[in-house]
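This report concerns only the one structure given below.
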Amino acid sequence: MLALLMMAAMTMQGQQRVIKPKWVKTMPKITVAQWEKLYQTDENFDEENYDTKKYGDLYIYDDMYSGRCSWYCGGEVKKVTASSCLAPQGKFTYAGKNAHDFDHESVWATKGKGVGQSLTYTFEGRCPRITAVKILNGHVKNETAWRANSRVKKLRMYYNGKPYAILELQDSRTLQYFPVGTLGYHDDKKPDWTLKFEVLEVYPGDKYGDTVISELYFDGIDVH
């Protein structure tokens, strides 16, 4: 009996390959408003040779706010749902959709410590296929908020309801890029499909018990 249980566990682990980030990008040293001002008012700003000591790596803002060509030129998420979310606090809300609104300061926050809570993304069958997941882990708007709230350590990823992989996140205020293979159909005749991300472990916050993801979005193929 024990041998059978061990074999089952090994089989399950084999189905859920562990994926670590292929690369990470640190948060810029300036605000989005300052970043926008660089392009709007500084005629001499050279985006190929900017001062990284002053501005930091601007990739995250360029990726999220510039409207540059990406999977989203043709790809679209139909719906985002969360298993739970922290109750609104004044003007601030913490719904699951905040994790896919391309605003790094609005967040999904779990009700409670977060382990076992999940985000589910629904795509139409015709949607271009996905090859990577990008995650801003924690409340990344500033260092104080990031440290105060818990962050994700491990996410179990489900493809159409079946365990697919475990994403191991760094405990850093960064954008983390996970190559996940080719998922989806890109076929009008296929039904809707889903990706679910379940919190398995967390890095505890210094002040609050809820777990936060600022953004979880995608890269992929079939758009150009």
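For LEU86, what is the net charge nearby, where nearby means another residue's Cβ is under 13 Å from its Cβ and Lys, Arg count +1, Asp, Glu -1? Neighbourhood net charge equals +1. For TYR203, the amide hydrogen comes within under 5 Å of the amide hydrogens of ARG151, VAL152, LYS153, counting only partners 5 or more places away or on other chains and with H modelled in the peptide plane. Measuring nothing but how far apart in sequence close Cα pairs (under 8 Å, 6+ apart) lie, relative to its length, the stretch 65-224 scores a relative contact order of 34 percent. Annotation: the residues TRP23, TRP108, TRP71, TRP193, sorted from fewest to most other C-beta atoms within 10 Å of their own C-beta, follow the order TRP23, TRP193, TRP71, TRP108. Just list whichever of LYS53/LYS97; LYS91/LYS153; LYS111/LYS190 have alpha carbons separated by over 32 Å in the model shown. Flagged as over cut-off: LYS53/LYS97; LYS111/LYS190.
Our coupling estimate for the stretch 179-185, obtained by passing each phi through the Karplus curve with A = 6.51, B = -1.76, C = 1.60 and θ = phi - 60°, is x, 10, x, 9, 10, x, 10 Hz, Gly and Pro reported as x.
With axes computed from alpha carbons, what is the tilt in degrees of helix 2-15 against the longest principal axis of the chain, rounded to the nearest 10 within 0 to 90? Taking Cα atoms only, the helix is inclined about 30 degrees. Applying 1/(1 + (r/R0)^6) with r as the Cβ-Cβ distance of GLN170 and TYR65 and R0 = 25 angstrom yields a FRET efficiency of 0.60.
Can you put ASP187, ASP222 in order of Cβ neighbours within 10 angstrom, beginning with the fewest?
On the way: ASP187 12, ASP222 17.
Ranked by crowding around the Cβ, least crowded first: ASP187, ASP222.
Each 10 Å bin from zero holds the following percent of Cα-Cα pairs in the chain: 8, 31, 34, 20, 6, 1, 0, 0.
Among PHE45, PHE178, a tally of other beta-carbon atoms within 10 Å of each Cβ gives an order, fewest to most, of PHE45, PHE178.
Could you order the peptides 121-132, 210-221, 51-62, 160-171 from most to least packed, using the average number of other C-beta atoms within 10 Å per residue? Mind showing how you got there, number by number?
Values: 121-132: 19.5, 210-221: 23.7, 51-62: 14.8, 160-171: 16.3.
Output ranking for 121-132, 210-221, 51-62, 160-171: 210-221, 121-132, 160-171, 51-62.
Candidate cross-link partners of LYS22 among the aspartates and glutamates, defined by an alpha-carbon separation under 18 Å and a same-chain spacing of 8 or more, comprise ASP57, ASP63, GLU168, ASP171, GLU215, ASP219.
Read-outs: derived from the displayed coordinates by stated rules, not from any lab. Nothing here was measured: the structure is a model prediction, and the numbers come from that model. Reconstructed Cβ throughout: ideal geometry from the backbone, glycine too, with neighbour counts over all protein chains shown.
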